[in-house]
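What follows draws every value from the coordinates through simple rules; no lab data is involved. Quick caveat, the model's predicted, so the values are computed rather than measured. Cβ placement follows ideal geometry from the backbone for every residue including glycine, while neighbour counts extend to all protein chains displayed.
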Amino acid sequence: MGYNPYNGYSGKERDEKEAERAHLLQSGHLQLRHTECELCGDPDTPTKAHVEDYSKPYLWEPPAEYMVCDTCANDMLQKRFRNKDRWDSFKAHVRRGGYARDLQDPATNKEFLDYREARERGEKPTLRILRDRQLTGNEWWEKLSIDSNTLTDPKARPRP
């Protein structure tokens, strides 16, 4: 598989958990959780596991892993270390009830890009509400690190 380090876990540790997942899925001892995206809340998109914790014994549900849509996984979570402003802006989009796929709509994407540009100018812009979403401010994705040192630092592990 060849994963890179994440949350202080080596690529080898990540590979081992994913191999165990594949084995358990194939044997029927593990079922994929079918949920809305546990980041953007989209109920109508396929999801896959985003793993935060590769410790043994393996855990297969929150807070060790969350089911997220491809856009949240590939375009936002994995790229947050390289594009911190985009990640912060995306979280604001999610807080307003935005799904990741909403950014495919030209008008919504323009509003999102205008929001990002205003933030870069030091302004404090707002986004219009898209959906009522009951969030506490303590969601798992609100606390994710954007410090690239946590990729390899064992102190970043959720569990020892």
Value at 222 nm in deg cm²/dmol, rounded to 500, when DSSP H runs of n ≥ 4 in the chain each add -39,500 (n - 2.57): -9000 deg cm²/dmol
Here the relative contact order (percent) of the chain, from C-alpha pairs under 8 Å and at least 6 apart, is 28 percent
Report, to the nearest 10°, how far helix 106-120 tilts away from the longest principal axis of the Cα atoms in the chain, using its own Cα long axis and a range of 0 to 90°. 90 degrees
For helix 84-95, what angle does its Cα long axis make with the longest principal axis of the chain, in degrees from 0 to 90 and rounded to 10? 80 degrees
Mean projected area, convex hull of alpha-carbon positions in the chain, reported to one decimal in nm², is 10.2 nm²
Name the most mobile residue of Gly28, Gly97, Gly41, meaning the one with the largest mean-square fluctuation, in a Gaussian network model of the chain with Cα contacts below 10 Å. Gly28
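With +1 on each Lys and Arg Cβ and -1 on each Asp and Glu Cβ, and nothing else charged, work out how big the dipole of segment 11-156 is about its Cα centre, in Debye to the nearest 20. Before the final figure, lay out the partial values.
Working: 26 positive and 29 negative charges, 71 e Å.
In total the dipole reaches around 340 debye.
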Helix 11-27 sits off the longest principal axis of the Cα atoms of the chain, rounded to the nearest 10 on a 0 to 90 degree scale, by 80 degrees
